[in-house]
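Report on the following structure.
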Amino acid sequence: MMTVPASIDLSKGLVLGTRNAGKLRELVALLGPLGIECHSLDGLEAAVEVEETGSTFAENAALKATLQAQALGMPVLAEDSGLVVDALDGRPGVYSARFAGPSADDAANNALLLNELADVPDARRTAHYACHMTLAAADGSVVATSSGQCHGRIDRKAHGGGGFGYDPLFLVPEYHRSFGEIAAEVKAMISHRGRALRAMVDCLRRHH
């Protein structure tokens, strides 16, 4: 993790650089114990639309954090995350949210994933969720980065209605359940996003 300069100011809160409702719920729940006031991009008129042109999760997280911070004049915590499937050479990766097209929803993305893995045997359906986070100061400078992963495999059908994205298809071997079935409190402990945020928590606590 990078060194955080003393100039970062969280007294007016922290902007979470996403409009994804599922990600917002998870981030707010994970940050709650710190007592940091969290702001969504929704309702902030100065917020900009950041094109995710990076080739990696880390590059996209940095783009979203720095450009939003510069536009808003507030600290921004942004993340980029997705599903990495070994049998698909790492796809959908940074295209996870738009795997089936620019306006694809979860159902379309899941259907395409199952179709592409239809002939792949169970032993080769390994995958992991990856998350990279970037914390930017109000001037857009990157002050901290973190990452986390959660490993599992892709089942042949959906299980449970919890979570979002590919969660109902993503089986965690240690729990014999999908992210769509695991309780939110458990998912927060073992998920890629939870692990990345816990790695970020120490610097957030020091500057709050």
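The values are calculated or read from the model by the stated rules, or taken from the named source; none is laboratory data. Since the structure is predicted, the reported quantities are computational estimates derived from the model, not experimental observations. For neighbour counting, all protein chains shown are included, and Cβ atoms are generated from backbone atoms with ideal geometry for every residue, glycine included.
Residue by residue, here is whether (1) in contact with a Lys or Arg (Cβ under 9 Å, 6 or more places away or on another chain); (2) at pLDDT 95 or above; (3) in a strand (DSSP E or B) holds:
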residue	(1), (2), (3)
61	no, yes, no
82	no, yes, yes
87	yes, yes, no
129	yes, yes, yes
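Against the numbered list (1) outside any helix (DSSP H, G or I); (2) farther than 12 Å from residue 166 by Cα; (3) touching a helix residue (DSSP H, G or I) at 6+ places or on another chain (Cβ under 6 Å), residue 103 comes up short only at (3).
Does the stretch 57-80 contain at least one residue that is among the hydroxyl-bearing types (Ser, Thr, Tyr), in contact (Cβ under 8 Å) with a residue 60 or more places away in the chain and surrounded by fewer than 17 Cβ atoms within 10 Å (Cβ to Cβ)? Explain how you work it out, then say what you get.
Narrowing the stretch 57-80 to residues among the hydroxyl-bearing types (Ser, Thr, Tyr): 66.
Now narrow it down to the ones that are in contact (Cβ under 8 Å) with a residue 60 or more places away in the chain: 66.
Going one step further and asking which of them are surrounded by fewer than 17 Cβ atoms within 10 Å (Cβ to Cβ), we end up with none.
Scanning the stretch 57-80, I find no residue that is among the hydroxyl-bearing types (Ser, Thr, Tyr), in contact (Cβ under 8 Å) with a residue 60 or more places away in the chain and surrounded by fewer than 17 Cβ atoms within 10 Å (Cβ to Cβ), so the answer is no.
Among the conditions (1) of a type outside the set (Phe, Trp, Tyr); (2) surrounded by fewer than 12 Cβ atoms within 10 Å (Cβ to Cβ); (3) over 20 Å from residue 83 (Cβ atoms); (4) modelled with pLDDT under 90, residue 46 misses just one, which is (4).
Selection of first residues in the stretch 153-181 that are free of Cβ contacts under 8 Å to residues at least 24 places away in the same chain and farther than 17 Å from residue 105 by Cα and of second residues that are among the aliphatic types (A, V, I, L, M) and assigned to a loop (DSSP other than H, G, I, E, B), restricted to Cβ pairs under 7 Å at least 6 apart or on distinct chains, gives the following pairs, ordered by first then second residue: 172/182; 175/182. Residues in the stretch 81-98 that are out of contact with any Phe, Trp or Tyr (no Cβ under 8 Å at 6 or more places or on another chain) and in contact (Cβ under 8 Å) with a residue 60 or more places away in the chain were compared, and the one that is nearest to residue 150 (Cα to Cα) is 85.
May I ask you to list the residues in the stretch 106-119 that are over 18 Å from residue 164 (Cβ atoms) and surrounded by 15 or more Cβ atoms within 10 Å (Cβ to Cβ)?
Let us first name the residues in the stretch 106-119 that are over 18 Å from residue 164 (Cβ atoms), namely 115-119.
Across the stretch 106-119, the qualifying residues are 116, 117.
Against the conditions (1) under 13 Å from residue 197 (Cβ atoms); (2) assigned to a strand (DSSP E or B); (3) of a type outside the set (Phe, Trp, Tyr), residue 33 satisfies every one except (2).
Evaluate the following for residue 107: is it among the hydrophobic types (A, V, I, L, M, F, W, C) and modelled with pLDDT of 95 or more? Criteria met by residue 107.
Condition check ((1) closer than 30 Å to residue 120 by Cα; (2) out of contact with any strand residue (DSSP E or B) (no Cβ under 7 Å at 6 or more places or on another chain)) across all residues:
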{"site": "19", "(1), (2)": "no, yes"}
{"site": "48", "(1), (2)": "no, yes"}
{"site": "66", "(1), (2)": "no, no"}
{"site": "71", "(1), (2)": "no, yes"}
{"site": "80", "(1), (2)": "yes, no"}
{"site": "87", "(1), (2)": "yes, yes"}
{"site": "100", "(1), (2)": "yes, yes"}
{"site": "103", "(1), (2)": "yes, yes"}
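A single entry from 9, 42 fulfils the requirement of being among the charged types (D, E, K, R), in contact (Cβ under 8 Å) with a residue 60 or more places away in the chain, assigned to a loop (DSSP other than H, G, I, E, B) and out of contact with any helix residue (DSSP H, G or I) (no Cβ under 7 Å at 6 or more places or on another chain): 9. Apart from one condition, residue 28 fits all of (1) out of contact with any Cys (no Cβ under 7 Å at 6 or more places or on another chain); (2) on the phi < 0 side of the Ramachandran plot; the exception is (1).
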